[in-house]
Every structure is written in C-alpha cells, then in structure tokens.
Amino acid sequence: MAMSPETINADAQRPDVLRPFRYALRTPGLLLHLLVGLPITLLLINPLSERLRWKGERLDHLAIRSWSLGLMWIFGFRVRRIGQPVSGGALMVANHVSWIDIVLVHSQCAVGFVAKSEISRWPLIGWLARRGGTIYHQRGNNESLHGVMHQMVERLQAGLPVGVFPEGGTTDGQTVRTFHARIFQPAVTAVVPVQAVALRYGAGGNAQMHVAFGQGESFVANFLRLLGDPSRVAEVHFLPPIEALEEGRRKLAEAARTAILGVMQP
C-alpha cells in the first residue's frame with residue numbers, strides 16, 4: 001500500500017533541488033485561488049444557489065467541487081476518480097491520511113463531512129469547511145456526539161450525503177485502522193446506503209506516507225510541505241454501496257473497511 005519507512009527516510013535525505021522552483025510557480029496560483037477564487041466560491045454558497053442547477057448539479061455544490069479541484073491542481077495533484085458517488089442521501093466513509101483528504105473528496109462530490117472541532121480553527125480549511133456544511137464534533141464529549149448523530153440523520157433523511165472518517169483520526173498512511181461502528185448508526189437509522197471511499201496518493205498508493213502528517217507535524221507545516229512536493233496522482237475510489245437494510249452497524253463498519261482495504265492492498 002505504501003513505501004517502507006526506510007525508503008521514506010532515504011527520500012527525505014535527498015536534496016530536492018526543484019522545491020524552490022515549485023514554490024515559485026505554485027505560490028502565485030495559490031494566492032490567486034484564495035484572493036479571487038475563494039470569494040467567488042463563498043458567494044455561490046447560499047440558499048439561492050442550493051435551488052439552482054447546472055447540468056443537473058446544484059450550483060453551490062459545483063462551486064465547492066470546482067474550487068477544491070483547483071486547489072488539488074495547484075498542489076500538483078492529478079486527480080483520478082474511479083467509480084461514481086451515490087446520488088442522494090448516503091453515508092460516505094473514507095480512510096484518513098491528511099487534511100487534503102477532504103479537498104480530494106470535495107473535488108469530485110460535495111459532501112458535508114463530520115470532522116473534529118480542531119479543524120474549525122485551521123487557517124482557511126476550517127473556515128471553508130464550515131461554510132461547506134461540515135459538522136464539527138468535540139472528541140470525548142458524549143453530548144457533542146449525540147448532537148452530531150442527530151444532525152447526520154437529519155441530513156441523510158433530507159437526501160444529502162454525509163462523509164465521515166471512521167478511523168477516528170489521521171494515520172501514518174501505512175495502515176487502515178479499525179472503523180468505529182457507532183458512526184455508522186445514522187445510516188441504519190435513516191435507512192440509507194453506506195459508500196466506502198478509498199483515497200490513494202501516488203502510483204499504487206506509494207505516496208501515502210509522504211502525504212500523511214509527520215510525527216509532530218502541524219497543519220501549516222504539512223500544508224507548506226505538500227505545496228512544494230513533486231506532482232503526483234491522487235485517486236478517489238467510490239466503491240459499490242452497501243445497503244444499511246442488510247447489515248447492522250458493526251457489519252457495515254467491517255464491510256466498508258474491507259472494501260477500502262481491497263483497493264489499498266490489492
């Protein structure tokens with residue numbers, strides 16, 4: 001699924017002489033994307049645009065997708081989509097590597113994610129995620145979790161997709177941890193399908209550890225490092241939906257993780 005730690009360390013020790021040139025090329029594009037593209041995107045996220053359609057897609061969703069795809073391109077990611085996102089209400093569950101996972105999914109499908117409350121304080125990403133419908137959860141707070149579950153069920157029953165990272169946090173990119181079954185309960189309650197979404201970085205997933213947060217690495221440090229990294233592919237695999245009618249939440253969690261592992265460890 002990913003390169004070995006020894007390979008990662010060896011690559012990290014090699015001087016990347018092209019990194020300054022990538023910063024020089026990408027930084028102006030990033031600033032333009034933030035200063036011009038972001039205000040336009042935020043203007044298009046409003047109650048009116050929710051009712052307008054462009055080629056069958058909500059205008060606010062199209063704006064989020066377009067801005068996210070542009071950000072992926074600026075960071076040097078060539079996005080490949082395999083499969084199709086389920087239309088309407090569905091619980092989308094994905095493996096979690098880094099902050100850019102949300103941008104990658106949004107580049108193909110506008111989804112209201114459930115995310116830890118700390119993300120709301122991240123520069124830019126937290127603000128945009130909040131405007132895009134992110135549901136924030138304060139980890140370790142049962143009252144917060146109850147409210148999150150209630151919001152998830154409401155959105156799913158309204159025919160809106162909700163995205164979660166059931167591992168409970170980012171990983172080092174080498175493994176897919178056990179999925180927490182409790183987060184699948186809203187799909188069972190709302191009687192909507194679960195769609196597993198596998199996220200891979202690099203050819204065959206060989207850049208998972210590069211994209212993941214390093215030990216003690218902050219959001220800003222990871223953001224800046226990825227901005228200067230070499231170009232690479234980013235794959236988002238929308239896997240066949242799993243009907244909640246057929247499975248309880250624990251079996252749903254196991255089935256979704258198995259499906260993602262089938263992509264990550266073919």
Legend entry - Segment Val233-Gln84, extension gain: residue separation times 0.36 nm, minus the distance between their alpha carbons: 51.8 nm
Legend entry - Length-normalised contact order for the range 5-264 - Cα pairs under 8 Å, 6+ apart - percent: 25
Inset, instruction - Tell me which residues come under 5 Å, amide H to amide H, from Ile135 once H is placed; ignore anything under 5 positions away on its chain. - result: Phe113, Val114, Ala115
Legend entry - Sparse-neighbourhood loop sites, GluC sites (Glu not before Pro) in the range 148-228 - DSSP loop, at most 11 other Cβ within 10 angstrom: none
Inset, instruction - Would you mind telling me which residue in Gly216, Gly147, Gly163 has the biggest mean-square fluctuation in a Gaussian network model of the chain, where springs connect alpha carbons within a distance under 10 angstrom? - result: Gly216
Inset, instruction - Enumerate the amide H contacts of Val233 below 5 Å, restricted to partners 5 or more residues apart or on another chain; note that Pro and chain-start residues carry no placed amide H. - result: Arg78, Gly202, Ala203
Inset, instruction - Subtract the Cα-Cα distance of Leu31 and Arg19 from 0.36 nm times their separation in residues, and report this length gain in nm to one decimal. - result: 2.5 nm
Legend entry - Kirkwood Rh in Å, taken over the range 5-264 so that all alpha-carbon pairs contribute: 18.9
Legend entry - DSSP beta bridge pairing in the chain, given as percent antiparallel to the nearest 5: 30
Inset, instruction - Mind telling me which of Asp16, Asp101, Asp229 comes out most flexible in a GNM of the chain, alpha-carbon contacts under 10 Å? - result: Asp16
Inset, instruction - List the residues whose amide H sits under 5 Å from the amide H of Ile45, counting only those 5 or more places along or on another chain, with H placed 1.01 Å from N in the peptide plane. - result: none
Inset, instruction - Quote to one decimal, in nm, the extra length available between Thr175 and Leu48 on full extension: 0.36 nm per residue of separation minus the C-alpha distance between them. - result: 41.5 nm
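None of the figures in this text is laboratory data; all of them are computed from the coordinates on show. No experiment lies behind these values; they were computed from the predicted model shown. Methodologically, a virtual Cβ is constructed for each residue, glycine included, from the backbone with ideal geometry; neighbour enumeration extends over all protein chains shown.
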